[in-house]
Amino acid sequence: MQAQARSISVHRDDGVGFMRLMWLAFAGMLLVLAQTVTAQARGESLAPLAEKISPAVVNITTSTLVEGQTGPQGIVPEGSPFEDFFREFQDRNGDDNNRPRRSNALGSGFVISEDGYIVTNNHVIAEADEILVEFFPGDGQPKKELPAKVIGTDEKTDIALLKVEATGPLKYVQFGDSDIARVGDWVIAMGNPLGQGFSVSAGIVSARNRALSGSYDDYIQTDAAINRGNSGGPLFNMDGEVIGVNTAILSPNGGSIGIGFSMASNVVVKVVDQLREFGETRRGWLGVRIQDVTEDMAEAMGLDKPGGALISDVPDGPAKDAGLLAGDVILSFDGVEVEDTRGLVRQVGETTVGKSVRVVVQRDGGTQTILVTLGRREDAERDEEGEEETSEAPTEENADILGLTISPLTDTLRSDLGLDADAEGLVVTEVDEGSEAFSKGLRAGDLITEAGQQKVSSIEDLEARMEEAREAGRKSLLLLVRRGGEPRFVALSIDG
């Protein structure tokens, strides 16, 4: 028994030793793995990549002749107690502020071809009399400056294409596919921040498909440092391809706080190609006014779910010629499903002018396919004339419905609102501020032209449309409302 006990004891000791060896081996593996992960997270130096692509990144200096100003503006705030003091100081020193002066601005850009085409932001070179492009010295070469001419600009995407004439081929970079960039991917921003000259910053893609203020916006958000002067510079992926043009920052103080925006390369490429070929953009034009379909609108129209783009108006143009109607919901354009108005606007704009496309719409409870030949947006915009905002309408023959005080349209109201003699509808003369109608933006002076996708010209028409919607089991009524000639649909609850 004693021997047996020793045997068991010896066996137990051997097991403990084996387990210790296993744990040590496992710990060693964890250490190696941790070092590997740390090395991967840290990544290799970006210096080789920066050295490779930096010769194609340029500084841009612009010069503009501006009229002089009188008084001490720019030195002290207007109304300051020191304003008179500085004015007297300027007068004594013969400072003539009325003389035209040259104003300089700095930005960035990048070369996209060996023969000297350069991309930058439109706001960098807008209204410039003179544009100089400075190339970063490399391999011991001296600094080089070349004058540039503007090939074309696009205010909607804030892109400009320049051209310089060099004695030999220039180093250039290529565009990458911004659509495959993922949130978390490493990126590099290059440019001329705050006039300090060539500078590199690194970060990641923070977000995709950001919209700021334009119809064609598709911004990549990044935390790579972008400051004033970086405008027009490139945002590179780790393959040295340009996936964005640095355009804007979000900042309370004008400096980088890690929220920068670069226009996606897949938008820029199309613009640059058109500027290079035509000297201007040529975007497709469908010729409709549209708005997103909300849940209550979908319910009011009997749609299964919100989605697509609701046509609120069809002025003279390709859509009207093809037979599209106000109240149609565009579900598909040129074979691509329409998710919302923003996506449709971009897709139409990127489609070739003159192309015939199939547009699938929801109409009267079913779908129809309509062939539309696209026009050119720039031509349409040149033909458009601005319209003044309408004033509030006076009260005549009022009725209170859906939180609205409405009145039939009379000749007096037509004159007061600046409407055409043949305009029809119901005028909103007052809106209950606690109502759903007020929260959805209806205001005095609005003109209701349709209810339930049928024209209304009297209060009885509106009441009939409400009753029809209730009988159909719907909870909301869809109104077509015009303000200053601009139409939009609004769905209001008719429960109760």
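Read-outs: derived from the displayed coordinates by stated rules, not from any lab. Everything numeric here is computed off the predicted structure, so don't read it as measured data. Neighbour counts are summed over all protein chains in view; Cβ atoms, including those assigned to glycine, are modelled from backbone coordinates with ideal geometry.
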| query | Where does the charge balance sit around residue 116 when Lys and Arg score +1, Asp and Glu -1, over other residues with C-beta under 15 Å from its C-beta? | reply | 0
| Nitroxide proxy distance, nm - points 7 Å out along Cα→Cβ at residue 103 and residue 460 | 6.3
| query | Where does the charge balance sit around residue 181 when Lys and Arg score +1, Asp and Glu -1, over other residues with C-beta under 13 Å from its C-beta? | reply | -3
| Built amide H within the under 5 Å cut-off of residue 110, gap 5+ | 58, 119
| message | Among 314-321, 114-121, 155-162, how do they line up by average Cβ neighbours within 10 Å per residue, starting with the highest? | response | 155-162, 114-121, 314-321
| message | Please list, in order, the residues from segment 211-232 whose amide nitrogen is less than 20 Å from a point placed 7 Å along the Cα→Cβ vector of residue 186. | response | 221-226
| Net charge of neighbours whose Cβ lies under 14 Å from the Cβ of residue 340, counting Lys and Arg as +1 and Asp and Glu as -1 | -3
| query | What Kirkwood hydrodynamic radius, in Å, does segment 399-493 give when the mean of 1/r is taken over all pairs of distinct Cα atoms and then inverted? | reply | 13.2
| request: First check a/c for segment 304-350, with a ≥ b ≥ c the square roots of the eigenvalues of its C-alpha gyration tensor; if it is under 1.5, answer rounded, and if not, answer prolate when a/b is larger than b/c or oblate otherwise. | output: oblate
| request: Please give, to one decimal in nm, the separation of the simple spin-label points placed at residue 411 and residue 144, each 7 Å out from Cα toward the Cβ. | output: 7.6
| note | So for R0 = 22 Å, FRET eff. of residue 364-residue 422 from the Cβ-Cβ r, to 0.05, ends up at 0.30
| query | Once you charge only the Cβ atoms, +1 for Lys and Arg and -1 for Asp and Glu, what is the size of the charge dipole of segment 284-383 about its Cα centre, to the nearest 20 debye? | reply | 360
| task | Could you sort 286-297, 415-426 so that the peptide with the highest average Cβ count within 10 Å comes first and the rest follow in order? | result | 286-297, 415-426
| query | By count of other Cβ within 10 Å, fewest leading, how are 236, 175 ordered? | reply | 175, 236
| query | Taking a threshold of 27 Å on the Cα-Cα distance, which of the pairs 440/475; 171/270; 270/355; 305/355; 143/270; 320/475 fall above it? | reply | 305/355; 143/270; 320/475
| said: Take residue 52 and residue 381, extend 7 Å from each Cα along the Cα→Cβ direction, and tell me the distance between the two endpoints in nm. | reply: 3.8
